[in-house]
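Student: Handing you a structure now.
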Amino acid sequence: MRVFPWGFWLLCVASAPARGDSGSKARSCAEVRQLYGAKGFSLSGVPQAEISGEHLRICPQGYTCCTSEMEENFANKSRSEFEAMMKEAGRSVQATLTAQHRSFDSYFQDLLNKSEKALYDAFPSMYGELYTQNVKVFKDLYSELRRYYRSSNINLEEALNEFWTRLLERLFKLMNPQYHITDEYLDCMVKHAEQHRPFGEVPRDLKVKATRAFIAARSYAQGFLVGSDVVKKVSQVSLSHECTRAIMKLMYCPHCRGMSSVKPCNNYCLNVVKGCLANQADLSTEWKYLMDSLIVVADRIDGPYNVDSVIGTIHMRIAEAISNLQENKDTITAKVFQGCGNPKIGTKSSSSEDKKRRGKVTLEAKSSAQALEMLVLDAKGNLTALKTYWITLPSSLCSKKVMASSALDDKCWNGMTKGSYLPEVMGDGLANQINNPEVEVDITKPDMTIRQQIMQLKIMTNRLGNANIGNDVDFQDTSDDMSGSGSGDSCPDDVCGKRLSKSPSTRQPETHAIPKQSGHGISGASSRSLPSAFLLLLLLSVAVMAPQHLWR
């Protein structure tokens, strides 16, 4: 029988070691043991040398230095580390926006405080009783202005109108001390006096300019806080299960395969991170609109609305208004008496104090226009730099945190072994992840927390848009309204109607879960067992064909 020596030889070949010659030794796991211990895990049960990897559920199932427990621990570690990277990147943006808000807020509050102090310092000597008996009227005005700036629900125009009305009532009584003027008479007096503009054009002019300046300043300050808050909340969004698996495969599977020194391929890293941050990338459109709107309003604050000259000279405008009233006292009084009748004579006599204090009042205000110009210039630079934050985040994380290789490196970790990475890099946003070869992303289920933040960005941008044209619009909190979305948040009905399957790629991501205890995976998945499998199949074919040959 000629077949027996041949078959015996094939059996000998098939039974030869698959990993090389019989004298070769398994590779050491010293590097993985060192890394595993450095991450805070016990080295108990960690292999000293490579073992068969059929138990692995995330990493390739070749020979490995990782047990099932190590794989699960590395997966959890990679998730916490990646979330920490996200929060660290977010904190940098938060710090920038918070610093801009703090700088402008300090400048604006200081501007208002200086105006109020100048009024308190100058008015007693300028107006005597006209001021000292009406201090509360002035204090209330500045209090209302501050409340409005801090986003209290007050109507700024009404607050200014109320100030001028109260001031007119008090000053009219003080300038006519010989009369007994009742509250009913004051109501009539206000109606008639306003027709003749007792304070001149100051109230109307100040209302227009101050309202625009305060609306712009308030919205501008709020914009920085909203932007910072959005980043904070989005940075706290947890990673999905699929993303955790992909991050683990990217960051720790090369260690398990004994390739600790091999960096992840850059494009491979980009696809993983873009898949994980698909929802975050959808913030980009509305985020850019917010940054652009803040820049436009910044130009208004330092330009047409001239916050420095308007807010910093409120006390001067009030002094001008009082001087106008003093100069026109006789005319205004006559018009009021004509319309409301002569009030009863009182017991007080006319004071000569006020007559001495009449005349044109000149006050000085120290300009801080240069400081405002520098603030706006700095803010515009930072806002411009932040415009692309969400879409450049993946490349920033890959290059600075994951330490991926260069784009031209063909000896990098590609998710399976050391080599080049062939799949194309996905676009930005949720809808573009339909064919992501590394992360399984359901584009029909956007993250609700991020959708809420997209709506908050829209609301703030709308508010800044109104501030840009001098409109004061109060918005209700619509964070629960899920109708708002950013780029890539919608898709055709025939696409969103079902769970999308991936198109073929060079490597499909695994879909099995991380095991809580060791178990057997898909048999024959080890690349190192392929030679033995091939020879066994060859032997089987020979055994089938041999009888046919003998019968001949």
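Student: Quick one, what does Rg over Rh come out to for the stretch 174-329 if you take C-alpha atoms and the Kirkwood Rh? Mind showing how you got there, number by number?
Tutor: On the way: Rg = 30.7 Å, Rh = 22.0 Å.
My calculation puts Rg/Rh at 1.40.
Student: Can you tally the net charge around residue 405? Count Lys and Arg as +1, Asp and Glu as -1, for every other residue whose Cβ sits under 11 Å from the Cβ of residue 405. Before the final figure, lay out each step's value.
Tutor: Values: positive: 263, 411, 418; negative: 409, 410.
Charge balance in the 11 Å sphere: +1.
Student: So how exposed is residue 164, as accessible area in Å² (1.4 Å probe, rounded to 10)?
Tutor: Here the residue's solvent-accessible area equals roughly 20 Å².
Student: I'd like to compare 250-257, 229-236: which one has the highest average count of other Cβ atoms within 10 Å, and what's the full order after that? Walk me through the intermediate numbers first.
Tutor: On the way: 250-257: 25.0, 229-236: 19.1.
Highest to lowest by the protection proxy: 250-257, 229-236.
Student: Hey, another quick one. Counting only protein heavy atoms and a 1.4 Å probe, tell me what percentage of the stretch 29-69's accessible area is made up of carbon and sulfur. Please list the in-between numbers first.
Tutor: Details: 840 of 1710 Å².
Percent of accessible area from carbon and sulfur atoms in the stretch 29-69: 49.
Student: Arranged from highest to lowest average of other beta-carbon atoms within 10 Å per residue, in what order do the peptides 71-78, 114-121 appear? List each step's numbers first, then the result.
Tutor: Values: 71-78: 20.5, 114-121: 17.1.
So the order, starting with the most tightly packed, is 71-78, 114-121.
Student: Same structure, new question: In bins 5 Å wide, starting from 0, what share of all Cα pairs of the stretch 140-253 does each bin hold, as a percent?
Tutor: Spelled out per bin, shortest first, that is 2, 9, 13, 13, 10, 9, 7, 6, 5, 5, 5, 4, 3, 2, 3, 2, 2, 1, 0.
Student: Where Lys and Arg each count +1 and Asp and Glu each count -1, what net charge lies around residue 428 among other residues with Cβ under 9 Å from its Cβ? Don't skip to the answer; put the middle values down first.
Tutor: Numbers: positive: 274; negative: 282.
Local net charge: 0.
Student: For the stretch 29-69, report the accessible area per residue in Å² (1.4 Å probe, heavy atoms, rounded to an integer).
Tutor: About 42 Å² of surface per residue is accessible.
Student: Regarding the stretch 29-69, what are the three Cα extents along the principal axes, ordered largest first, in Å?
Tutor: 25, 17, 14
Student: I would also like to ask the following. Note down the relative contact order for the stretch 29-69 as a percent, whole number, built from C-alpha pairs under 8 angstrom at least six residues apart. Don't skip to the answer; put the middle values down first.
Tutor: On the way: 48 pairs, mean separation 14.2, N = 41.
Result for the stretch 29-69 is 35 percent.
Student: Kindly report, to the nearest 10 Å², the accessible surface of residue 424 as traced by a 1.4 Å probe over protein heavy atoms only.
Tutor: Counting only protein heavy atoms, the figure is 140 Å².
Student: Continuing with the same structure: Let me know the number of lysine pairs in the stretch 259-352 closer than 24 Å at the Cα, not counting same-chain pairs under 8 apart.
Tutor: Numbers: 263/274; 274/288; 329/344; 329/348; 335/344; 335/348.
Value for the stretch 259-352: 6.
The values are calculated or read from the model by the stated rules, or taken from the named source; none is laboratory data. Just so it is clear, the model here is predicted, and its values are computed rather than measured. For neighbour counting, all protein chains shown are included, and Cβ atoms are generated from backbone atoms with ideal geometry for every residue, glycine included. To get the accessible areas, we keep the full protein, side chains included, count just its heavy atoms, and leave off ligands, DNA and RNA. Shrake-Rupley method; radii C 1.70, N 1.55, O 1.52, S 1.80 Å.
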